[in-house]
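The values are calculated or read from the model by the stated rules, or taken from the named source; none is laboratory data. Keep in mind the model is a prediction, meaning the values are calculated, not measured. Methodologically, a virtual Cβ is constructed for each residue, glycine included, from the backbone with ideal geometry; neighbour enumeration extends over all protein chains shown. To get the accessible areas, we keep the full protein, side chains included, count just its heavy atoms, and leave off ligands, DNA and RNA. Shrake-Rupley method; radii C 1.70, N 1.55, O 1.52, S 1.80 Å.
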Amino acid sequence: MTKYRRDAINANIWPTLLDKFESVMQDFGGSLIEANWEQDHAHLLILLPPKYSVSKVVNSLKGVSSRASKVKKLWSPSYFVLTCGGAPVKVIQKYIQNQRNSSPA
């Protein structure tokens, strides 16, 4: 979620954020499976090796992407994580892909 839920993410900044998200996940030996955005938050489906804590990876994703975007205080300190061990990955990917399409203009 962006700081103060302001509309900070847009089509111009998203490619930079996406590139940094992918880079961070590679650094952790994981992968970014799916990603999408709304103006005040991003949805990421990641595969993460169990040797890393979720909080460490989230902090890295936020820090690296914030510095690359050159937006001061881009992210709020909070985040939401949901494990999806029982759900088919394709279902979650479809959900993330449809987030921008279902948002009001």
* To do: Would you tally the residues in the range 72-105 being open to solvent by less than 100 Å² (accessible area, probe 1.4 Å), under 16 Å from the mean Cα position of the chain (by Cα) and farther than 17 Å from Glu34 by Cβ?
  => 4
* Could you grab me the full set of residues in the range 32-42 that are open to solvent by 40 Å² or more (accessible area, probe 1.4 Å) and over 11 Å from the mean Cα position of the chain (by Cα)? => Gln39
* Among Ser66, Ser60, which is the only one that is at pLDDT 95 or above, under 12 Å from the mean Cα position of the chain (by Cα) and hydroxyl-bearing (Ser, Thr, Tyr)? -> Ser60
* Asked: Does Leu45 qualify as being part of a strand (DSSP E or B), open to solvent by less than 80 Å² (accessible area, probe 1.4 Å), in contact (Cβ under 8 Å) with a residue 24 or more places away in the chain and not acidic (Asp, Glu)?
  -> yes
* Near pairs, Cβ below 6 angstrom, 6+ apart or cross-chain, from the range 21-38 (free of Cβ contacts under 8 Å to residues at least 24 places away in the same chain) to any residue that is among the charged types (D, E, K, R) and part of a helix (DSSP H, G or I) -> Leu32/Glu22
* Does Thr83 satisfy the condition of being assigned to a loop (DSSP other than H, G, I, E, B) and not charged (D, E, K, R)? -> yes
